[in-house]
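In what follows, a single structure is set out as C-alpha coordinates and then discussed.
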Amino acid sequence: MAKASLTQMEKIISLLHKSSFVKRNRNRGKFSSYTFGPAGVLTSRNLNQLLWDSLVTSQIDTYPVENSVFRNTDEPKQLRSNLSQGTLKHLPDILQLVNYTLPFAIVQRGQTFPESLATQYEDTFLFDSSVQTSIVLQYFCSPSSALQSFDQWIQQRLLWWRKYASDPAQISCSELETLNENTSRAFIQCQFPWGQDNVEEIISRGSNPVSDLQETTKVKLQCANGNKSYTPHLIECSTVLEHCLMACLCDAYTESTAQTGKKSIPTEKLNLHPKIAPYKLSIVSSSKSRSNEIQEVASYLNKDLRNAGIDVFHAKDSLSVEDQFIR
(Lines give C-alpha, C1' and ligand atoms only; values in the text may rest on other atoms or scores of the structure.)
Protein backbone atom coordinates (compact mmCIF):
# COMPACT_ATOMS: atom_id res chain seq x y z
CA MET A 1 0.00 0.00 0.00
CA ALA A 2 2.84 2.40 0.76
CA LYS A 3 4.39 4.40 -2.03
CA ALA A 4 5.67 7.67 -0.53
CA SER A 5 9.31 8.81 -0.66
CA LEU A 6 11.53 9.56 2.32
CA THR A 7 10.97 13.31 1.94
CA GLN A 8 7.25 12.61 1.77
CA MET A 9 7.52 10.58 4.97
CA GLU A 10 8.40 13.76 6.85
CA LYS A 11 5.40 15.46 5.25
CA ILE A 12 3.12 12.56 6.20
CA ILE A 13 4.19 12.72 9.84
CA SER A 14 3.78 16.50 9.81
CA LEU A 15 0.29 16.21 8.30
CA LEU A 16 -0.73 13.58 10.86
CA HIS A 17 0.48 15.78 13.71
CA LYS A 18 -1.05 18.95 12.32
CA SER A 19 -4.47 17.34 11.86
CA SER A 20 -4.30 15.62 15.28
CA PHE A 21 -4.72 12.31 13.45
CA VAL A 22 -1.93 10.71 15.46
CA LYS A 23 0.96 12.20 17.42
CA ARG A 24 4.14 10.56 18.60
CA ASN A 25 5.26 10.81 22.20
CA ARG A 26 8.95 10.01 22.35
CA ASN A 27 9.85 7.57 25.10
CA ARG A 28 13.23 6.61 26.39
CA GLY A 29 14.81 3.81 24.41
CA LYS A 30 13.76 2.47 21.03
CA PHE A 31 9.98 2.55 21.46
CA SER A 32 7.44 5.38 21.28
CA SER A 33 3.87 5.87 22.43
CA TYR A 34 1.15 7.46 20.33
CA THR A 35 -1.87 9.68 20.92
CA PHE A 36 -4.78 9.36 18.47
CA GLY A 37 -7.28 12.09 17.66
CA PRO A 38 -10.85 11.51 16.36
CA ALA A 39 -9.88 10.73 12.75
CA GLY A 40 -7.09 8.42 13.89
CA VAL A 41 -9.35 6.52 16.28
CA LEU A 42 -12.06 6.03 13.63
CA THR A 43 -9.58 4.97 10.94
CA SER A 44 -7.92 2.47 13.29
CA ARG A 45 -11.35 1.13 14.27
CA ASN A 46 -12.38 0.67 10.62
CA LEU A 47 -9.14 -1.08 9.71
CA ASN A 48 -9.35 -3.24 12.81
CA GLN A 49 -12.88 -4.29 11.85
CA LEU A 50 -11.84 -5.12 8.28
CA LEU A 51 -9.05 -7.32 9.61
CA TRP A 52 -11.47 -9.05 11.97
CA ASP A 53 -14.05 -9.57 9.23
CA SER A 54 -11.46 -11.09 6.90
CA LEU A 55 -10.12 -13.51 9.52
CA VAL A 56 -13.25 -14.29 11.54
CA THR A 57 -16.61 -13.08 10.21
CA SER A 58 -16.09 -14.26 6.64
CA GLN A 59 -14.50 -17.58 7.63
CA ILE A 60 -16.34 -20.77 8.52
CA ASP A 61 -15.37 -22.90 11.54
CA THR A 62 -13.43 -20.04 13.13
CA TYR A 63 -13.50 -19.46 16.87
CA PRO A 64 -12.43 -16.23 18.62
CA VAL A 65 -10.71 -16.44 22.01
CA GLU A 66 -9.13 -14.06 24.48
CA ASN A 67 -6.35 -14.20 27.08
CA SER A 68 -4.92 -11.98 29.79
CA VAL A 69 -2.18 -9.55 28.70
CA PHE A 70 0.06 -11.19 31.31
CA ARG A 71 2.15 -14.21 30.49
CA ASN A 72 1.47 -17.42 32.38
CA THR A 73 4.97 -17.63 33.88
CA ASP A 74 6.55 -17.73 37.29
CA GLU A 75 7.41 -14.05 36.99
CA PRO A 76 4.54 -11.91 38.31
CA LYS A 77 2.74 -9.68 35.83
CA GLN A 78 5.11 -10.21 32.91
CA LEU A 79 3.46 -8.71 29.81
CA ARG A 80 3.08 -10.82 26.68
CA SER A 81 5.02 -9.97 23.53
CA ASN A 82 2.83 -12.04 21.15
CA LEU A 83 -0.46 -13.95 21.03
CA SER A 84 0.71 -17.29 19.65
CA GLN A 85 1.30 -19.28 22.82
CA GLY A 86 -1.83 -18.03 24.56
CA THR A 87 -3.97 -18.81 21.52
CA LEU A 88 -2.62 -22.34 21.16
CA LYS A 89 -3.60 -23.15 24.75
CA HIS A 90 -7.25 -22.99 23.70
CA LEU A 91 -6.78 -25.92 21.30
CA PRO A 92 -7.92 -28.72 23.69
CA ASP A 93 -11.23 -26.99 24.39
CA ILE A 94 -11.90 -26.14 20.74
CA LEU A 95 -11.08 -29.69 19.63
CA GLN A 96 -13.72 -30.99 22.02
CA LEU A 97 -16.16 -28.34 20.80
CA VAL A 98 -15.80 -29.46 17.16
CA ASN A 99 -15.68 -33.17 18.08
CA TYR A 100 -12.08 -33.45 16.82
CA THR A 101 -13.12 -32.55 13.28
CA LEU A 102 -10.72 -30.60 11.05
CA PRO A 103 -10.15 -28.04 9.65
CA PHE A 104 -10.92 -25.09 11.93
CA ALA A 105 -9.24 -21.90 13.12
CA ILE A 106 -8.74 -20.07 16.41
CA VAL A 107 -8.34 -16.28 16.33
CA GLN A 108 -7.23 -13.86 19.01
CA ARG A 109 -6.90 -10.07 18.98
CA GLY A 110 -5.39 -8.01 21.78
CA GLN A 111 -2.62 -5.81 23.09
CA THR A 112 0.97 -6.98 23.01
CA PHE A 113 4.17 -5.40 24.24
CA PRO A 114 7.07 -6.03 21.83
CA GLU A 115 10.53 -6.81 23.14
CA SER A 116 12.24 -5.77 19.91
CA LEU A 117 11.41 -3.65 16.86
CA ALA A 118 9.71 -5.47 13.99
CA THR A 119 11.82 -3.64 11.41
CA GLN A 120 15.51 -3.02 10.80
CA TYR A 121 14.89 0.55 9.64
CA GLU A 122 15.00 3.68 11.78
CA ASP A 123 12.23 6.25 12.30
CA THR A 124 9.40 4.11 10.98
CA PHE A 125 6.76 5.96 13.01
CA LEU A 126 3.94 3.59 14.09
CA PHE A 127 6.21 0.55 13.73
CA ASP A 128 7.98 1.54 16.97
CA SER A 129 4.84 1.64 19.12
CA SER A 130 5.49 0.35 22.64
CA VAL A 131 1.92 -1.04 22.82
CA GLN A 132 0.53 -2.83 19.78
CA THR A 133 -2.78 -4.37 18.75
CA SER A 134 -1.94 -7.80 17.41
CA ILE A 135 -4.16 -10.33 15.70
CA VAL A 136 -3.29 -13.96 15.11
CA LEU A 137 -5.14 -16.76 13.32
CA GLN A 138 -4.15 -20.37 13.98
CA TYR A 139 -5.51 -22.78 11.39
CA PHE A 140 -5.48 -26.50 12.13
CA CYS A 141 -5.69 -29.05 9.34
CA SER A 142 -4.63 -32.58 8.45
CA PRO A 143 -1.00 -33.11 7.41
CA SER A 144 -2.13 -34.28 3.97
CA SER A 145 -3.86 -30.95 3.24
CA ALA A 146 -1.26 -28.71 4.94
CA LEU A 147 0.70 -27.75 1.83
CA GLN A 148 -2.40 -26.76 -0.13
CA SER A 149 -3.87 -24.90 2.86
CA PHE A 150 -0.63 -23.00 3.41
CA ASP A 151 -0.63 -21.80 -0.20
CA GLN A 152 -4.32 -20.86 0.01
CA TRP A 153 -3.76 -18.73 3.12
CA ILE A 154 -0.86 -16.91 1.47
CA GLN A 155 -2.97 -16.11 -1.58
CA GLN A 156 -6.00 -15.15 0.51
CA ARG A 157 -4.04 -12.73 2.68
CA LEU A 158 -2.26 -11.23 -0.33
CA LEU A 159 -5.59 -10.58 -2.03
CA TRP A 160 -6.96 -8.93 1.12
CA TRP A 161 -4.07 -6.48 1.29
CA ARG A 162 -4.32 -5.64 -2.40
CA LYS A 163 -8.07 -5.10 -2.12
CA TYR A 164 -7.63 -1.87 -0.14
CA ALA A 165 -4.49 -0.54 -1.86
CA SER A 166 -4.59 2.32 -4.35
CA ASP A 167 -1.74 0.58 -6.19
CA PRO A 168 -2.01 -3.21 -5.68
CA ALA A 169 1.36 -3.68 -7.39
CA GLN A 170 2.98 -2.21 -4.28
CA ILE A 171 1.86 -5.29 -2.31
CA SER A 172 3.90 -8.45 -2.75
CA CYS A 173 4.68 -11.77 -1.15
CA SER A 174 8.21 -12.69 -0.16
CA GLU A 175 9.89 -15.85 -1.33
CA LEU A 176 9.09 -18.90 0.73
CA GLU A 177 11.63 -19.33 3.53
CA THR A 178 12.35 -22.76 5.01
CA LEU A 179 13.33 -22.46 8.67
CA ASN A 180 13.65 -26.21 9.28
CA GLU A 181 12.23 -29.45 7.89
CA ASN A 182 8.84 -28.75 9.51
CA THR A 183 8.57 -24.97 9.33
CA SER A 184 8.21 -22.61 6.36
CA ARG A 185 7.06 -19.00 6.19
CA ALA A 186 6.28 -16.12 3.86
CA PHE A 187 5.64 -12.43 4.44
CA ILE A 188 3.18 -9.99 2.94
CA GLN A 189 5.28 -6.91 2.15
CA CYS A 190 4.61 -3.25 1.38
CA GLN A 191 6.90 -0.71 -0.26
CA PHE A 192 7.34 1.89 2.50
CA PRO A 193 9.23 5.20 2.25
CA TRP A 194 12.12 3.55 4.09
CA GLY A 195 12.08 0.48 1.87
CA GLN A 196 10.19 -2.79 1.54
CA ASP A 197 8.96 -4.06 4.88
CA ASN A 198 6.87 -6.90 6.30
CA VAL A 199 3.27 -6.31 7.38
CA GLU A 200 2.01 -9.87 7.87
CA GLU A 201 3.56 -13.27 8.46
CA ILE A 202 2.09 -16.57 7.26
CA ILE A 203 3.93 -19.53 8.73
CA SER A 204 3.45 -23.28 8.46
CA ARG A 205 4.57 -24.71 11.81
CA GLY A 206 3.94 -28.40 11.18
CA SER A 207 2.60 -30.62 13.96
CA ASN A 208 5.34 -30.01 16.55
CA PRO A 209 3.51 -27.19 18.45
CA VAL A 210 0.47 -29.46 18.93
CA SER A 211 2.65 -32.42 19.92
CA ASP A 212 4.49 -30.28 22.46
CA LEU A 213 1.18 -29.03 23.90
CA GLN A 214 -0.10 -32.61 24.13
CA GLU A 215 3.03 -33.62 26.02
CA THR A 216 2.69 -30.67 28.42
CA THR A 217 -1.03 -30.97 29.13
CA LYS A 218 -1.30 -34.78 28.92
CA VAL A 219 -4.53 -34.22 26.96
CA LYS A 220 -5.24 -36.10 23.75
CA LEU A 221 -5.00 -33.70 20.82
CA GLN A 222 -5.05 -36.18 17.95
CA CYS A 223 -7.72 -36.51 15.28
CA ALA A 224 -8.80 -39.58 13.35
CA ASN A 225 -9.28 -40.38 9.69
CA GLY A 226 -10.90 -43.78 9.62
CA ASN A 227 -8.65 -46.11 11.61
CA LYS A 228 -5.67 -43.79 11.32
CA SER A 229 -4.96 -41.05 13.86
CA TYR A 230 -2.77 -38.00 13.27
CA THR A 231 -1.63 -34.81 14.99
CA PRO A 232 -3.12 -31.58 13.55
CA HIS A 233 -0.87 -29.37 11.45
CA LEU A 234 -0.68 -25.67 12.40
CA ILE A 235 -0.69 -22.73 9.95
CA GLU A 236 -0.52 -19.26 11.50
CA CYS A 237 -1.24 -15.78 10.13
CA SER A 238 -0.26 -12.80 12.26
CA THR A 239 -0.17 -9.03 11.85
CA VAL A 240 -0.16 -5.80 13.88
CA LEU A 241 -2.83 -3.12 13.48
CA GLU A 242 -0.32 -0.26 13.81
CA HIS A 243 1.76 -1.67 10.95
CA CYS A 244 -1.36 -2.02 8.81
CA LEU A 245 -2.34 1.56 9.60
CA MET A 246 1.07 2.92 8.65
CA ALA A 247 0.88 1.10 5.31
CA CYS A 248 -2.57 2.57 4.62
CA LEU A 249 -1.49 6.11 5.50
CA CYS A 250 1.57 6.01 3.24
CA ASP A 251 -0.54 4.54 0.46
CA ALA A 252 -3.19 7.26 0.85
CA TYR A 253 -0.87 10.28 0.97
CA THR A 254 -1.13 12.54 -2.09
CA GLU A 255 -0.08 16.07 -2.98
CA SER A 256 -2.17 18.26 -5.27
CA THR A 257 -3.36 21.83 -5.75
CA ALA A 258 -6.70 23.40 -4.89
CA GLN A 259 -8.14 26.36 -6.78
CA THR A 260 -9.48 29.21 -4.66
CA GLY A 261 -10.44 32.20 -6.74
CA LYS A 262 -7.47 32.93 -9.00
CA LYS A 263 -4.99 31.23 -6.69
CA SER A 264 -3.72 27.67 -6.75
CA ILE A 265 -2.95 26.42 -3.26
CA PRO A 266 -0.80 23.29 -2.72
CA THR A 267 -2.61 20.73 -0.56
CA GLU A 268 -1.75 17.45 1.14
CA LYS A 269 -4.42 14.79 1.48
CA LEU A 270 -5.00 11.25 2.64
CA ASN A 271 -7.10 9.52 -0.02
CA LEU A 272 -8.03 6.55 2.11
CA HIS A 273 -10.13 3.67 0.82
CA PRO A 274 -13.83 4.40 1.61
CA LYS A 275 -14.05 1.45 3.98
CA ILE A 276 -10.99 2.64 5.90
CA ALA A 277 -11.68 6.40 5.87
CA PRO A 278 -12.79 7.86 9.24
CA TYR A 279 -15.77 9.73 7.78
CA LYS A 280 -18.02 8.50 5.00
CA LEU A 281 -19.63 11.89 4.46
CA SER A 282 -18.84 15.53 5.22
CA ILE A 283 -21.56 18.12 5.70
CA VAL A 284 -20.30 21.64 5.05
CA SER A 285 -22.38 24.58 6.21
CA SER A 286 -21.06 28.10 6.69
CA SER A 287 -22.11 30.21 9.68
CA LYS A 288 -22.23 33.14 7.22
CA SER A 289 -25.50 31.77 5.85
CA ARG A 290 -28.28 34.35 5.79
CA SER A 291 -30.71 31.96 7.43
CA ASN A 292 -30.58 29.40 10.21
CA GLU A 293 -32.53 26.98 8.01
CA ILE A 294 -29.41 25.63 6.34
CA GLN A 295 -27.79 25.07 9.72
CA GLU A 296 -30.88 23.27 11.00
CA VAL A 297 -31.07 21.04 7.92
CA ALA A 298 -27.36 20.24 8.21
CA SER A 299 -27.73 19.34 11.90
CA TYR A 300 -30.76 17.16 11.14
CA LEU A 301 -28.90 15.31 8.36
CA ASN A 302 -25.89 14.84 10.63
CA LYS A 303 -28.01 13.27 13.38
CA ASP A 304 -30.08 11.14 10.98
CA LEU A 305 -27.00 9.73 9.22
CA ARG A 306 -25.24 9.00 12.49
CA ASN A 307 -28.32 7.16 13.74
CA ALA A 308 -28.03 5.03 10.61
CA GLY A 309 -24.46 4.11 11.60
CA ILE A 310 -22.70 6.42 9.12
CA ASP A 311 -19.73 8.41 10.42
CA VAL A 312 -20.21 12.05 9.43
CA PHE A 313 -17.97 15.07 9.80
CA HIS A 314 -20.06 18.23 10.20
CA ALA A 315 -17.91 21.27 9.44
CA LYS A 316 -19.42 24.47 10.79
CA ASP A 317 -17.38 27.61 11.25
CA SER A 318 -16.90 31.10 9.84
CA LEU A 319 -15.06 29.91 6.73
CA SER A 320 -16.75 30.02 3.37
CA VAL A 321 -17.98 26.72 1.94
CA GLU A 322 -15.20 26.84 -0.67
CA ASP A 323 -12.48 27.34 1.97
CA GLN A 324 -13.92 24.52 4.08
CA PHE A 325 -13.70 22.09 1.15
CA ILE A 326 -10.04 23.08 0.67
CA ARG A 327 -9.37 22.58 4.37
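Which residue, Leu102, Leu305, Leu79, has the most motion in a Gaussian network model of the chain that connects Cα atoms within less than 10 Å?
Maximum fluctuation in the GNM of the chain, among the listed residues, is at Leu305.
Here is the link list: Lys18/Lys275; Lys77/Lys220; Lys163/Lys280. Which ones come out longer than 21 Å on Cα distance? Could the numbers behind the result be given before it?
On the way: Lys18/Lys275 23 Å; Lys77/Lys220 30 Å; Lys163/Lys280 18 Å.
Going by Cα-Cα distance, Lys18/Lys275; Lys77/Lys220 fall outside the 21 Å limit.
Measure nothing but the geometry: give the 0 to 90° angle between the long axis through the Cα atoms of 292-307 and the longest principal axis through the Cα atoms of the chain, rounded to 10°.
It works out to around 0 degrees.
In whole angstrom, how far apart do the alpha carbon centroids of the range 138-165 and the range 170-225 sit?
Cα centroid of the range 138-165 versus Cα centroid of the range 170-225: 11 Å apart.
With every protein chain left in place, what is the accessible area of Thr57 in Å² (1.4 Å probe, nearest 10)?
Accessible area of Thr57: about 100 Å².
How much solvent-accessible surface does Lys30 expose, in Å² to the nearest 10, with a 1.4 Å probe and all protein chains in place?
110
Can you give the accessible area per residue of the chain, in Å², using a 1.4 Å probe? Let's see the in-between values first.
On the way: 17760 Å² over 327 residues.
That works out to 54 Å² per residue.
Which whole-Hz ³J(HN,Hα) couplings does the range 32-44 yield from phi under the Karplus relation 6.51 cos²θ - 1.76 cosθ + 1.60, θ = phi - 60°, glycine and proline marked x?
Couplings: 10, 10, 10, 10, 9, x, x, 5, x, 5, 5, 5, 4 Hz.
Using only helices, what value at 222 nm comes out for the chain when you add -39,500 (n - 2.57) per DSSP H run of length 4 or more and divide by the total residues, to the nearest 500 deg cm²/dmol? Please list the in-between numbers first.
Values: 9 runs with 102 residues, N = 327.
Estimated from H runs of four or more residues: -9500 deg cm²/dmol.
Of all DSSP beta bridges located in the chain, what percent are antiparallel, nearest 5?
Values: 55 of 66 bridges.
In the chain, approximately 85 percent of DSSP beta bridges are antiparallel ones.
Over the chain, with every protein chain in place, what whole percent of the accessible area is carbon and sulfur at 1.4 Å, could you tell me? Working shown, then result.
Details: 8720 of 17760 Å².
Carbon-and-sulfur percentage of accessible area, whole number: 49.
Can you compute 3J(HN,Hα) from phi for each residue in the range 206-218, using the Karplus curve 6.51 cos²θ - 1.76 cosθ + 1.60 with θ = phi - 60°, rounded to whole Hz and x for Gly and Pro?
x, 9, 4, x, 6, 4, 5, 5, 4, 5, 6, 8, 6
What is the set of long-range amide H partners of Tyr63 at a cut-off below 5 Å, with H atoms built 1.01 Å from backbone N?
Ala105, Ile106, Val107
Just to verify a number: what accessible area does Glu201 come out at with the full protein assembly present, 1.4 Å probe, Å² rounded to tens?
Ignoring ligands and nucleic acids, Glu201 comes out at about 40 Å².
What is the range 129-226's relative contact order, in percent, from Cα pairs under 8 angstrom and six or more apart in sequence? The partial results should precede the final answer.
On the way: 92 pairs, mean separation 17.2, N = 98.
Taking the mean separation of contacting Cα pairs over the length of the range 129-226, I get 18 percent.
Pull out the extension gain between Asp123 and Ser32, defined as 0.36 nm times the separation in residues minus the alpha carbon to alpha carbon distance; nm, one decimal. Intermediate values should be presented prior to the final figure.
Numbers: separation 91, 0.36 × 91 = 32.76 nm, distance 1.02 nm.
Contour length minus the Cα-Cα distance gives 31.7 nm.
First check a/c for the range 12-97, with a ≥ b ≥ c the square roots of the eigenvalues of its C-alpha gyration tensor; if it is under 1.5, answer rounded, and if not, answer prolate when a/b is larger than b/c or oblate otherwise.
Details: a/c = 4.08, a/b = 1.47, b/c = 2.79.
Note, shape of the range 12-97 comes out oblate.
Which whole-number percentage describes the relative contact order of the chain, with Cα contacts under 8 Å and a sequence gap of 6 or more? Show your work: numbers first, answer last.
Values: 573 pairs, mean separation 61.0, N = 327.
Dividing the mean separation by the residue count of the chain yields 19 percent.
Pull up the cross-link candidates among the aspartates and glutamates for Lys89, meaning alpha carbon to alpha carbon under 18 Å and not fewer than 8 places away within one chain.
Answer for Lys89, where 18 Å is the Cα cut-off: Asp61, Glu66, Asp74, Asp212, Glu215, Glu236, listed by chain and number.
Search the structure for amide H atoms under 5 Å from the amide H of Ala258, placed 1.01 Å from N in the peptide plane, and list their residues when 5 or more places away or on another chain.
Ile265, Thr267
Which ³J(HN,Hα) values in Hz, rounded to whole numbers, follow from the phi angles of the range 160-167 under the Karplus curve 6.51 cos²θ - 1.76 cosθ + 1.60, where θ = phi - 60° and Gly and Pro get x?
Whole-Hz 3J(HN,Hα) from phi for the range 160-167: 4, 4, 5, 4, 9, 8, 6, 10.
Here are labelled values, [x] 23.8; [y] 22.3; [z] 20.4, and one is the computed Kirkwood radius over Cα pairs in Å for what I pasted. Which one?
Read-out from the structure maps to [y].
Under 5 Å between amide hydrogens, which residues at least 5 positions from Ser129 or on another chain qualify, with H placed 1.01 Å from N in the peptide plane?
Counting only residues 5 or more places away or on other chains, the set is Ser32.
Ranked from the most accessible area to the least, with a 1.4 Å probe and all protein chains present, what is the order of Trp161, Trp52?
Details: Trp161 0, Trp52 45 Å².
These residues rank, largest area first, as Trp52, Trp161.
Give the ranking of Arg80, Arg306, Arg109 by solvent-accessible surface, highest area first, calculated with a 1.4 Å probe. Please list the in-between numbers first.
Details: Arg80 20, Arg306 115, Arg109 80 Å².
Largest to smallest exposure gives the sequence Arg306, Arg109, Arg80.
What FRET efficiency would be calculated for the residue pair Val98, Val131, taking the C-beta separation as r and a Förster radius of 56 Å, to the nearest 0.05? Before the final figure, lay out the partial values.
On the way: r = 33 Å, r/R0 = 0.60.
Given R0 = 56 Å and the Cβ-Cβ separation, E is 0.95.
The values are calculated or read from the model by the stated rules, or taken from the named source; none is laboratory data. Predicted, not measured: the structure shown is a model, and the values here were computed from it. Note that we place each Cβ from the backbone using ideal geometry, even for glycine, and neighbour counts take in every protein chain shown. Heads up: the accessible areas ignore ligands, DNA and RNA and are worked out on the full protein's heavy atoms, side chains in. Shrake-Rupley method; radii C 1.70, N 1.55, O 1.52, S 1.80 Å.
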